Amino acid sequence: MPGLESLLTRLIDADVRFVVVGGYAAVAHGSTILTRDIDICVPFDAANVEALLAATEDLHPVHRMSPARPPFDRSALTTNWKNLNLHTDWGQLDCLGEIEGIGSYEEVEARSDEVSLGDASCRILTIDALILAKEAMGRPKDREAVIQLKAIREQAEEE
């Protein structure tokens, strides 16, 4: 079964506008933290939600934070989203309208870099911005990520 990287490729191929944030971004920067989902920051405009639906609809996406787990389908196009937490056949995808410590999608995008992902590329939160976001979250797993990310940043600065 394809996994998280394949899910990202799907988003890229469907022209979803997003920035990778969270644990997957930390791993991309060199962290050894295990992540089981992809967190992305997205603008929740109609065109982007349509692209997100097109990218995931055959992967049976459901709202994973709702006990009833309703499907993510065409009815989603008329909803004003702040966050969207999906479970798909290929893994969990958390779509966030803003990132604590950074701000809105536009602010997140301004603090991101383009990175290669196989034959495609996508935007990922810079290590400095990711540290800010993780510090703002303050959960134990975020504090561990901050320690690793700061060490990775220091090593890169020394080289």
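Every number here is computed from the coordinates shown, using simple stated rules; none is lab data. Model, not experiment: these values are computed from the prediction. With ideal geometry, Cβ positions are generated from the backbone for all residues, glycine too; neighbour counts draw on all protein chains shown.
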Residues with beta-carbon under 13 Å from that of Ile12, excluding Ile12: net charge, scoring Lys, Arg +1 and Asp, Glu -1? -2
Spin-label pair Ser75/Asp15, simplified geometry with 7 Å Cα→Cβ offset, distance in nm: 2.8
What is the extension gain from Ala120 to Gln155, computed as 0.36 nm multiplied by their sequence separation minus the C-alpha to C-alpha distance, in nm to one decimal? 9.9 nm
What is the stretch 82-140 by shape, rounded, prolate or oblate, if you read a ≥ b ≥ c off the alpha carbon gyration tensor as root eigenvalues and call it rounded for a/c under 1.5, prolate for a/b larger than b/c, and oblate otherwise? oblate
Please compute the contact order of the chain in relative form: average sequence separation of alpha-carbon pairs under 8 Å and at least six residues apart, divided by the residue count, as a percent. 25
What base-10 log of the normalised intensity I(q)/I(0) is obtained for the chain from the Debye formula, alpha carbons as equal point scatterers, at q = 0.09, 0.15, 0.20 Å⁻¹? -0.28, -0.78, -1.35
Pull up the cross-link candidates among the lysines for Lys82, meaning alpha carbon to alpha carbon under 21 Å and not fewer than 8 places away within one chain. Lys134
Gaussian network model of the chain, Cα springs within a sub-10 Å range: biggest mean-square fluctuation belongs to which of Ala136, Ala120, Ala47? Ala120
Share, in percent, of DSSP beta bridges within the chain that are antiparallel, nearest 5: 75
Helix-derived [θ] at 222 nm for the chain: sum -39500 (n - 2.57) over DSSP H runs of at least 4, divide by residue count, nearest 500? -12000 deg cm²/dmol
Where labels lie 7 Å past Cα in the beta-carbon direction, separation of Glu5 and Asn83 in nm: 2.8
Just to confirm a number: summing +1 for Lys and Arg and -1 for Asp and Glu over residues other than Gly91 whose beta-carbon lies under 15 angstrom from that of Gly91, what do you get? -3
R0 = 22 Å: FRET efficiency of Glu50 with Asp113, Cβ-based, nearest 0.05? 0.25
Taking only the alpha-carbon positions of the stretch 106-159 as identical scatterers, the Debye log10 I(q)/I(0) at q = 0.30 Å⁻¹ comes out as -1.06
Find out how many positive minus negative residues lie around Arg111, taking Lys and Arg as positive, Asp and Glu as negative, among other residues whose Cβ is under 12 Å from that of Arg111. -4
Would you mind getting me the FRET efficiency between His60 and Glu135? Use the beta-carbon distance for r and R0 = 30 Å, nearest 0.05. 0.25
